[in-house]
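Contents: one structure, followed by commentary.
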Amino acid sequence: MFINHAAKQVTAKIVYYGPGLSGKTTNLQYIFSVTNPKSRGELVSIETDIERTLFFDLLPMNVGLIKGYQAKFQLYTVPGQIFYDATRKLVLKGADGVVFVADSQELMGQANTQSLENLKVNLAACGKSIAKIPLVFQYNKRDLGNIIPTVVLNQTLNEFNAPYFEAVATTGNGVIETLREISSKTLALIKASIHAQQGLSATVSMPVQFDTNIRQEIIEKNALPMRKFSVDRLDDLKSRPLSQVASQSPADVPAETAKEPSNGKGDDSVMHSIRELAAQFLSEDQDKSRLTLIQKLPVNDSHLTVDIRNSQKSVIQSIDLNLDPETRKVTLVFDLKR
């Protein structure tokens, strides 16, 4: 989880995992389509030349505050194809809950098993156990012919006796139910962790609800209002989870730039360019003062540190980056707080 003390907000990260074309993106497409625009953030696509990662924020209804902090969920998909393993590991970093989307078609049985084993390995690489992280199975594409019986899917995949839902993501059947269950399990674990740290007794967590309208027309994938960022080297962001890079605090800063290192010279002009570029993402009626100061420090070999500061110039977060050895460039992505 990511705690924003300035905004008094706890952000939980939920990752939709599974084999390629199992319906992970379709889940997010449906959720984005039927949720109240006031309760959801902007849909963001972080893209490389051959793959993409989608995510957006979602605010629940009436879940109560965690020690005075509002809860927020951030939903992610990962590329399912096996050769995108590095990106899947990066997206899993900092995950608080996982939805495993299995393809119910008989021909996909082995792909489901391989993807689940890959999830176990990648969670372990992030210091997490699949047996302990909040987990929900979704058996998707139940409307097709030649599907695996649910009892068989449970026997082959669900050794943890985790909650599961049958689904048809293209029509929304089982999608919101899956979201509610993983959100409730994740929030309950976060509350228990925070209360334990503070020496408080655990409280009973109510089921998480979202402001949805299932009669809302589903937005086609090619028509989704999506902000796209091109990130050349996602693995350069080694110091913090991708979710935190995309959701700064307390004033989030949108910017996308790839600058040559300057060895400390000309930093004023570089910072002016960054701030000018960031301001372009704000409409005329938005307060430009919400932009924080981004301080680019001198480059040491191929290493660069960027400090994010608030209006009082206190350091909010330091980001350590490794520059591409060939181009000596790096792309920084900052999203905008709504």
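Each value in this text was obtained by applying a stated rule to the coordinates, not by laboratory testing. Predicted, not measured: the structure shown is a model, and the values here were computed from it. Neighbour counts are summed over all protein chains in view; Cβ atoms, including those assigned to glycine, are modelled from backbone coordinates with ideal geometry.
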Cβ-Cβ cut-off under 11 Å around Gln138, Lys and Arg +1, Asp and Glu -1: the net charge is -1
antiparallel share of DSSP beta bridges within segment 2-223, to nearest 5, in %, is 45
If each K or R counts +1 and each D or E counts -1, the residues other than Ile147 whose Cβ falls under 10 Å of its Cβ total -2
Ranked on Cβ counts within 10 Å of their own Cβ, fewest leading, Thr25, Thr186, Thr11 go Thr25, Thr11, Thr186
The answer for Phe210, listing residues at least 5 apart or on another chain whose modeled amide H is closer than 5 Å to its amide H, is Met61
Cβ-Cβ cut-off under 14 Å around Leu189, Lys and Arg +1, Asp and Glu -1: the net charge is +3
Sparse-neighbourhood loop hits (trypsin sites (Lys or Arg not before Pro), segment 101-204; DSSP loop; Cβ within 10 Å at most 11 others) -> Lys132
Ranked from fewest to most other Cβ atoms within 10 Å of their own Cβ, Leu179, Leu119 fall in the order Leu119, Leu179
For segment 58-179, the dipole about the Cα centre with charges only on Cβ (Lys and Arg +1, Asp and Glu -1), to the nearest 20 debye, works out at 560
The ³J(HN,Hα) series, computed from each phi in segment 23-38 with the Karplus coefficients 6.51, -1.76 and 1.60 at θ = phi - 60°, rounded to the nearest Hz and given as x for glycine or proline, is x, 5, 5, 5, 4, 5, 4, 5, 4, 4, 5, 9, 8, 4, x, 6
Unit-weight point scatterers at every alpha-carbon of segment 2-223, Debye formula, q = 0.08, 0.15, 0.16 1/Å: log10 I(q)/I(0) is -0.27, -0.99, -1.13
Most exposed first, judged by fewest Cβ atoms within 10 angstrom, Val121, Val208 run Val121, Val208
